[in-house]
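First comes the structure, then the notes that go with it.
The values are calculated or read from the model by the stated rules, or taken from the named source; none is laboratory data. Note that this is a predicted model, so its numbers are computed, not measured. All Cβ positions, glycine included, derive from the backbone under ideal geometry; neighbour counts span all protein chains shown. Please note that ligands, DNA and RNA were not included when accessible areas were found on the heavy atoms of the full protein model with its side chains. Shrake-Rupley method; radii C 1.70, N 1.55, O 1.52, S 1.80 Å.
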Amino acid sequence: MRRLLLSSIIIIIGITFISRLSYLQLLRFSPNQILEDPAIKAVYDYPERGYIYDRNGKLMVGNQPAYDVMVIPRETKPLDTLEFCQLLGITKEKFIEQLKKARIYSPRLPSVVVPQLSKEDYAGLQEKMRKYQGFYIQKRSLRDYKTNSAANVLGYISEVNEADLRANPYYRAGELKGRTGIEKQYEELLRGRKGVKYIQKDRFNRDIGPYKEGKLDTLPKLGKEVHITIDKDLQEYGERLMHGKRGGIVAIEPSTGEILALISGPTYDPSLLVGRERSKNYSKLHYDSVARPTWDRSILAEPSPGSPFKTLNALVGLEEGVIDEHTKFTCYNGFYVGRQKKGCHCGGGVRDMNSGIYKSCNAYFAGTFRKIYAKYQTTDEGMDAWEKHMKSFGLGNYLGVDLPTGRPGRIPNKEFYDKWYGDNRWGSSTIISNSIGQGEVAITPIQLANVMAAISNRGFYYTPHIIKEIGNGLTIDESFTEKKYTTISPEHFEPVIEGMANVYRVGTARYLNIPGIEIAGKTGTVENFTKIDGERVQLTDHSVFTAFAPLKRPKIAIAVYIENGYYGARYAGHIASLMIEKYVNGEITRTDLEKRMLEKTLEHEYAKPFSGEPFKINEYVW
């Protein structure tokens, strides 16, 4: 009986082992199992990364050859370290550090020692590599930028780190991955798929041929080409206009939601983040805490919108039925909140909606704002209605843009004010600054451009997006082709648009007219404060301008935000008009505006907080 029991146990254990081995070999086979076998070497073949084109088929990002010096730690032999380091162009300390990292990663798997050698360095090194056992050169492609603009849109690629390796088994040490912009958002499409060859080794660690006659080898698959919505010429022109200025420009095609230009200033040449100098250049850009060139102001800045926000309050007033286009308010060079007077630069007098918009009368929109809240029995109900209308334009939340970063802005609600003032301890007069786009409202430049697109479309918009077409017929996300409707009825947009058109005809932007193009616009001047030595100090106002054109069948909606740019019609207004003319007509006739914007900078304004120079707020001199 005991013999039978012992034999049975041995048979059961044997069957279990055979079954498990068969399962692992036949059913659970994976490339990682091969890589764990010291008698097999994997050699990867990297495809070219997908090309990036603009909306008109102009190449923006291609590829250039580069070469990595690789090491398999367990295969290395003693070598002349000093000579090898001289050939590689690195210090002995750096070489030792890289070898240490490679051994920690894996003694059997290849790691990068020196990345991204140029063709010239490669030519001088390849013949001597046979002297250094365990080292070899691997070819790869790096990005080759055909523009010195759009760094914030295109993004950059860099080597994967330990977190990347833990998160995604596809990557191996030394490989490249998209970090920002298009390169990150569409990484899986652009990178393609690497190929691999498995090489069998003998007991002397010599290559003896393909493993299993190459049946497990795979070919590389090219990355897909991507066409983006950006207009290369418009993007480059906008960045030239932004020289010496800080802020953001966003231009959108209203009929599709396609982003025509996404500009942040200051910016940098994307080619700085390619090659062996990438790390040094990135550190210099990233740690510039004053200009902040790597911070994308077009989608991350959340300033007060200023007077362009008045158009939204006008639309809400019309929809709520508390005003019509003939409703009048009297401006006493401002308006009163209790005994405190809030100023206005419209000149005073009786204002209807049209003149309230084109003269940018604060009193008109303060009166409208009060009427919206007065319609309801409680302030909370009025706040809920106002908030709902504002958020229907995509404000106070992420728009859903296909870029890997962004900010939601802020449309305050009743909970926000209850926290600050207490329940039932605030009213429309408490938050009256929201009527003119100051106060607690915060909107990103891309959101502001989207508002213009919605107004130009008379009540709907498409989610702004950067992808236009993907190679081999792949379609873009359906969410980018669906109309998003606002809560405002279409008929209410016409009087507001007429007022915006008069901004250019007779109003605050009358000197910025473009011959042959009817433009609807709105200027904005936003108060700007900072703390210096613990004291709240007013700096030169921000310049904001929004517009769309042509008036009928608009081709472009635009928002321009310039830090410390004085009045809305000054820097932001000039730039918006030039961008519109560049896109609609393809050439510039207002060379007077162009000359001014290309030559003038605001560096003197940005230096004031650090120089101790006294401020002269909005002194209108060129």
For the range 398-434, the count of residues that are without any contact (Cβ under 8 Å) to a residue 12 or more places away in the chain and in a loop (DSSP other than H, G, I, E, B) equals 4
- Might you let me know whether the range 194-202 holds any residue that is open to solvent by 20 Å² or more (accessible area, probe 1.4 Å) and either within 30 Å of residue 152 (Cβ to Cβ) or touching a Ser or Thr at 6+ places or on another chain (Cβ under 8 Å) (or both)? yes
Among residues of the range 133-192 being touching a residue at least 24 places away in the same chain (Cβ under 8 Å) and aromatic (Phe, Trp, Tyr), the residue farthest from residue 249 (Cα to Cα) is 135
Scanning the range 350-359 for residues that are open to solvent by 30 Å² or more (accessible area, probe 1.4 Å) and outside any helix (DSSP H, G or I), the one nearest to residue 506 (Cα to Cα) turns out to be 359
Taking the range 363-393 and the residues there that are within 34 Å of the chain's Cα centre (by Cα) and open to solvent by 10 Å² or more (accessible area, probe 1.4 Å), the one that is farthest from residue 418 (Cα to Cα) would be 392
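So that you can scan it fast, the table gives a plain yes or no per residue for (1) more than 14 Å from the chain's Cα centre (by Cα); (2) surrounded by 17 or more Cβ atoms within 10 Å (Cβ to Cβ); (3) closer than 20 Å to residue 446 by Cα:
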{"position": "277", "(1), (2), (3)": "yes, no, no"}
{"position": "288", "(1), (2), (3)": "yes, no, no"}
{"position": "297", "(1), (2), (3)": "no, yes, yes"}
{"position": "312", "(1), (2), (3)": "yes, yes, yes"}
{"position": "316", "(1), (2), (3)": "yes, yes, no"}
{"position": "324", "(1), (2), (3)": "yes, no, no"}
{"position": "327", "(1), (2), (3)": "yes, yes, no"}
{"position": "346", "(1), (2), (3)": "yes, yes, no"}
Of the residues in the range 463-473 that are in a strand (DSSP E or B) and in contact with a helix residue (DSSP H, G or I) (Cβ under 8 Å, 6 or more places away or on another chain), the one that is farthest from residue 323 (Cα to Cα) is 470
Given (1) at negative phi; (2) touching a helix residue (DSSP H, G or I) at 6+ places or on another chain (Cβ under 8 Å), residue 247 misses just (1)
Expected output for the range 487-513 (first residue under 22 Å from residue 324 (Cβ atoms), partner among the charged types (D, E, K, R) and open to solvent by less than 10 Å² (accessible area, probe 1.4 Å), Cβ below 7 Å, 6+ apart or cross-chain) is 500/522; 503/522
Contact list, first residue from the range 48-71 and on the phi < 0 side of the Ramachandran plot, second anywhere and of a type in the set (Lys, Arg) and in a loop (DSSP other than H, G, I, E, B), beta-carbon distance below 8 Å, six or more apart or interchain, is 50/224; 58/146; 59/146; 60/146; 61/146; 62/146; 63/49
Within the range 134-166, residues of a type in the set (Asp, Glu), open to solvent by 20 Å² or more (accessible area, probe 1.4 Å) and not in a strand (DSSP E or B) come out as 162
For the range 575-593, the count of residues that are in contact (Cβ under 8 Å) with a residue 60 or more places away in the chain, open to solvent by 10 Å² or more (accessible area, probe 1.4 Å) and in a helix (DSSP H, G or I) equals 4
When the range 435-462 is checked residue by residue, the ones that are within 18 Å of residue 480 (Cβ to Cβ) and assigned to a loop (DSSP other than H, G, I, E, B) are 457
Within the range 486-507, restricting to residues that are part of a loop (DSSP other than H, G, I, E, B) and under 31 Å from the mean Cα position of the chain (by Cα), the one that is surrounded by the fewest Cβ atoms within 10 Å (Cβ to Cβ) is 487
Flagged in the range 62-78 as touching a strand residue (DSSP E or B) at 6+ places or on another chain (Cβ under 9 Å) and assigned to a loop (DSSP other than H, G, I, E, B), in numbering order, are 72, 76
Given (1) assigned to a loop (DSSP other than H, G, I, E, B); (2) surrounded by fewer than 22 Cβ atoms within 10 Å (Cβ to Cβ); (3) touching an Asp or Glu at 6+ places or on another chain (Cβ under 8 Å); (4) in contact (Cβ under 8 Å) with a residue 12 or more places away in the chain, residue 216 misses just (3)
So the strands (runs of 3 or more DSSP E) completely within the range 238-332 holding 1 or more residues that are free of Cβ contacts under 8 Å to residues at least 60 places away in the same chain are 258-265, 329-331
Within the range 513-558, the residues that are part of a loop (DSSP other than H, G, I, E, B) and crowded, with 22+ Cβ neighbours inside 10 Å are 519, 554
Looking across the range 333-344 at residues that are in contact with a strand residue (DSSP E or B) (Cβ under 8 Å, 6 or more places away or on another chain) and part of a loop (DSSP other than H, G, I, E, B), the single one that is least open to solvent (accessible area, probe 1.4 Å) is 344
Among residues of the range 436-485 being polar (S, T, N, Q) and surrounded by fewer than 21 Cβ atoms within 10 Å (Cβ to Cβ), the residue farthest from residue 398 (Cα to Cα) is 472
Q.
Any residue that is within 35 Å of the chain's Cα centre (by Cα), of a type outside the set (A, V, I, L, M) and at pLDDT 85 or above - is there at least one of those in the range 115-133?
A. no
Note on residue 407: of the conditions (1) touching a Leu at 6+ places or on another chain (Cβ under 6 Å); (2) more than 23 Å from residue 467 (Cα to Cα), unmet is (2)
